[in-house]
Amino acid sequence: MHQDGDTRINIAIDGPAGAGKSTVARKVAEQLGYVYIDTGAMYRAVTLRARNAGITADQPAKLAELVRSLKIELEPGDQGQSVFVDGVDVTSQIRSREVTMQVSHIAANETVRDVLGQLQRSLAARKGVVMDGRDIGSHVLPDAELKVFLTASVKERAMRRHKEIADSQKITLEQLETEIAQRDKLDEQREISPLICASDAVVLDSTGMAIDEVIQAIVKLSRTKLAEAK
Ligand code: DC
């Protein structure tokens with residue numbers, strides 16, 4: 001059951017790694033009765049399968065063949081979203097450090113982006129989605145009624161990630177800061193649909209903001225856009 005009658009909008013939430021996009025997007029979707037779609041999870045799923053098949057980012061033809069053959073499905077779960085590849089639940093495996101370290105390289109492949117972009121567009125075709133990623137407002141859903149670019153300082157993002165990691169003793173805050181800055185750079189500098197802030201996006205810097213404040217700010221923006229769309 002959707003709120004606000006039959007009118008639904010699409011909401012794109014983009015931004016760098018660790019800005020809190022997935023938590024925020026999931027909660028916003030919950031409050032609006034919308035579907036949450038974590039596009040980073042899709043890139044992670046392809047990365048996992050590429051790793052398992054021994055395919056690296058410098059083998060574009062093999063990677064293209066692999067991504068075209070995969071069936072990636074997202075299902076709402078208690079802790080966000082469950083991710084299935086060819087029917088196998090890979091939800092926890094795609095969060096490993098190995099996958100995290102490689103995903104930006106795999107995500108730079110043109111066919112990977114094409115195939116996943118098409119899947120993302122098809123999931124948003126009926127509206128009522130909150131989609132988080134890097135290129136959603138700028139490339140995948142340029143017509144999304146609400147685009148948010150969610151960011152925070154590298155230090156704050158590293159601190160949030162550090163708290164999340166169960167075995168955080170194994171990695172220092174400084175290491176995390178370096179990794180996050182590296183990933184930002186790769187995502188921003190890739191040739192195809194890099195991480196950029198769409199010209200019509202609302203920029204939200206969440207440094208020093210509580211997660212609930214961010215969620216409420218986006219819900220409020222959504223209600224305004226919904227009223228406009230009616
Ligand atoms: O949001 P995340 O950390 O799970 O994303 C994993 C990687 O996937 C990230 O380093 C960049 C890539 N990505 C992308 O290129 N485009 C998207 N729409 C989402 C993620």
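The values are calculated or read from the model by the stated rules, or taken from the named source; none is laboratory data. Quantities reported herein were computed from a predicted structural model and do not represent experimental measurements. So basically every Cβ, Gly included, is an ideal-geometry build from the backbone, and we count neighbours across all protein chains shown. Ligands, DNA and RNA are excluded from the accessible area calculation, which covers all protein heavy atoms including side chains. Shrake-Rupley method; radii C 1.70, N 1.55, O 1.52, S 1.80 Å.
Note on D143: accessible area is roughly 130 Å² with a 1.4 Å probe, heavy atoms of protein only.
Most tightly packed first, judged by the mean number of other beta-carbon atoms within 10 Å of their residues, the peptides 111-117, 129-135 read 129-135, 111-117.
Label sites at D6 and E188, each approximated as a point 7 angstrom past Cα along Cα to Cβ, lie 4.5 nm apart. Calculated accessible area for segment 8-125 comes out at 44 Å² per residue, all protein chains present (probe 1.4 Å; ligands, DNA, RNA ignored).
Here the Karplus relation 6.51 cos²θ - 1.76 cosθ + 1.60, evaluated at θ = phi - 60°, turns the backbone of segment 39-44 into coupling constants of 6, x, 4, 5, 5, 5 Hz, with x for every Gly and Pro.
Taking 0.36 nm per residue of separation and subtracting the Cα-Cα distance, what length does fully extending V202 through V219 add? Walk me through the numbers on the way to the answer.
Values: separation 17, 0.36 × 17 = 6.12 nm, distance 1.28 nm.
Gain on extension, V202 to V219, equals 4.8 nm.
Distance between the pseudo-spin-label points of L123 and D86 (7 Å out from Cα toward the beta carbon): 2.0 nm.
Relative to the current alpha-carbon distance between K71 and R51, full extension at 0.36 nm per residue lengthens the span by 5.6 nm.
S153 contributes an accessible area of around 50 Å² to the protein surface, as traced by a 1.4 Å probe with all chains present.
Scattering from the chain was approximated by placing one identical point on each alpha carbon and applying the Debye formula without solvent; log10 I(q)/I(0) at 0.11 1/Å stands at -0.53.
I want the antiparallel fraction of DSSP beta bridges within the chain, as a percent rounded to 5.
On the way: 8 of 24 bridges.
Around 35 percent of the beta bridges assigned by DSSP in the chain are antiparallel ones.
To put it simply, the accessible area of segment 1-76 at a 1.4 Å probe is 46 percent carbon and sulfur.
In whole percent, what relative contact order does the chain give with Cα contacts below 8 Å and a gap of six or more residues? If you can, show how the numbers build up before the last one.
Values: 340 pairs, mean separation 77.6, N = 230.
Relative contact order of the chain: 34 percent.
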